[in-house]
1. Go through region 95-111 and count every residue that is acidic (Asp, Glu) and either open to solvent by less than 70 Å² (accessible area, probe 1.4 Å) or in contact (Cβ under 8 Å) with a residue 40 or more places away in the chain (or both).
2. How many of the residues in region 141-158 are in contact with a Lys or Arg (Cβ under 9 Å, 6 or more places away or on another chain) and buried (at least 21 other Cβ atoms within 10 Å of the Cβ)?
3. Scan region 57-80 residue by residue and report those that are closer than 21 Å to Arg141 by Cβ and either more than 22 Å from the chain's Cα centre (by Cα) or open to solvent by 60 Å² or more (accessible area, probe 1.4 Å) (or both).
4. Are any residues in region 193-232 part of a strand (DSSP E or B), touching a residue at least 40 places away in the same chain (Cβ under 8 Å) and not aromatic (Phe, Trp, Tyr), and if so, which ones?
5. In region 155-175, which residue that is assigned to a helix (DSSP H, G or I) and out of contact with any Phe, Trp or Tyr (no Cβ under 8 Å at 6 or more places or on another chain) is modelled with the lowest pLDDT?
6. Collect the residues in region 105-116 that are under 21 Å from Leu82 (Cβ atoms) and modelled with pLDDT under 95, keeping them in residue-number order.
7. Run Glu243 past the list (1) out of contact with any helix residue (DSSP H, G or I) (no Cβ under 8 Å at 6 or more places or on another chain); (2) open to solvent by 60 Å² or more (accessible area, probe 1.4 Å); (3) not in a helix (DSSP H, G or I) and report the number of the one that doesn't hold.
8. Taking the stated definitions as given, is Lys178 at pLDDT 90 or above and out of contact with any strand residue (DSSP E or B) (no Cβ under 9 Å at 6 or more places or on another chain)?
Amino acid sequence: TGLAEHTKDAQGRKSKTLRSTEFGDFMGKADPYFVDAGTWWFLHIHLCSRPEHAFSWYWFFNSFNFDRFERSVCIEHLRRYLEMQSARAPAAATIERDIGCLLASYARPLPGTKMDPEESRESPFLNLELMTYHRDSGTYRVHRQNKEISAEILGYALAQKFRERAQEQKYIEVPFVKVAQEAGSLGRLLCLNNEALFALLLEAEAQSKGKIEITGMAGERFVRLKKLQPEYWLKAYYQKQGETQHAA
C-alpha cells in the first residue's frame, strides 16, 4: 500500500526492518485512524499499482477481464498467466492463498450475516463496493458501474500513472481509451466501464476548476490534467474533507 518500506543495511542490502514512507507519514497525520473512505481508495490505488509487492492484486485489477467468475476460474487464469510470463510459477498453494485473500478483502458476501461489530474481521476494502460474492451460486461479480469518487482521488491516480508524460507542458493530455483501459489507469484500478468513467470525469471537471478536463469530439476524446504532483491531489482531498467537517 506504500505506507512503509524496507530499510537498508550499511552494505545497501534490504533489511527486514520497515519504516514509514513520506506517504505513510502524511496519511498518519491526515487520517490517523483510517476512517475516511477516501483513505481506502488511496491505499487501493497504491496496492493495485505495485506488481513488485502485490502481483496478484496488480494482475486481477489490470489483466483479469471477467465480470462474473468462480474462484477456481480466477486461480486457473492467474496460474496460466504466470506460466506465460515466467519459467517458474509459484506453487499452486501460494496462488490459491493470494486469490483467497484478495477476494475476501474486496467481495462482500450476499446474503450478508449479522455479526457483532466488535468481533468483525472484515476488510475495510469491502466498503469500496468493488465486488460481491453470491453464496448461493458460489460466483463473484465485479461492479463496473458508477461510483462516488472525488475529483482529488481521480487526479491523484492520473498523476501517479502519467506523471512522466508531460515534458515542459503545463498539462498532461491522454487519450480517453488509455485512461479507460491501460494497466494502472482509472478504468482498471477503479473497476469502471467506459460510461461510468466518462460520467465520473465529467463530475471531476466541474469540481476541479479546470485541473481535470475532457477535450475533443466523440470518438476522439482526451483527458486533460493540469501537471501537478500526486501529493497536490492528496493534500487537496484532506483539506476539502477538513473544510466539510468544519462547516458541518
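The values are calculated or read from the model by the stated rules, or taken from the named source; none is laboratory data. Keep in mind it's a predicted model, so treat the numbers as computed, not measured. Here the Cβ is made from the backbone with ideal geometry for all residues, glycine too, and neighbour counts use every protein chain on show. Just so you know, the surface numbers come from the protein's heavy atoms only, side chains and all, with ligands and any DNA or RNA stripped out. Shrake-Rupley method; radii C 1.70, N 1.55, O 1.52, S 1.80 Å.
1. Of the residues in region 95-111, the ones acidic (Asp, Glu) are 96, 98.
Within this subset, residues satisfying the condition of being either open to solvent by less than 70 Å² (accessible area, probe 1.4 Å) or in contact (Cβ under 8 Å) with a residue 40 or more places away in the chain (or both) are 98.
Looking only at that region, the number is 1.
2. We begin by selecting, within region 141-158, every residue in contact with a Lys or Arg (Cβ under 9 Å, 6 or more places away or on another chain); these are 141-142, 150-152, 155.
Now narrow it down to the ones that are buried (at least 21 other Cβ atoms within 10 Å of the Cβ): 150-152, 155.
Looking only at that region, the number is 4.
3. Asn65, Phe66, Asp67, Arg68, Glu70, Arg71, Ser72, Val73, Glu76, His77 - these are the residues of region 57-80 that are closer than 21 Å to Arg141 by Cβ and either more than 22 Å from the chain's Cα centre (by Cα) or open to solvent by 60 Å² or more (accessible area, probe 1.4 Å) (or both).
4. Restricting attention to region 193-232, the residues satisfying the condition of being part of a strand (DSSP E or B) are 212-215, 222-226.
Imposing the further condition that a residue be touching a residue at least 40 places away in the same chain (Cβ under 8 Å) reduces the set to 212, 215, 222-226.
Within region 193-232, Ile212, Thr215, Val223, Arg224, Leu225, Lys226 qualify.
5. Here the residue is Phe162.
6. Just the residues of region 105-116 that are under 21 Å from Leu82 (Cβ atoms), to begin with: 105-106.
Once the filter is applied, which keeps residues that are under 21 Å from Leu82 (Cβ atoms) and modelled with pLDDT under 95, region 105-116 yields nothing.
7. For Glu243, the failing item is (3).
8. Working: at pLDDT 90 or above: yes; out of contact with any strand residue (DSSP E or B) (no Cβ under 9 Å at 6 or more places or on another chain): no.
Here the answer is no, as Lys178 does not meet what is asked.
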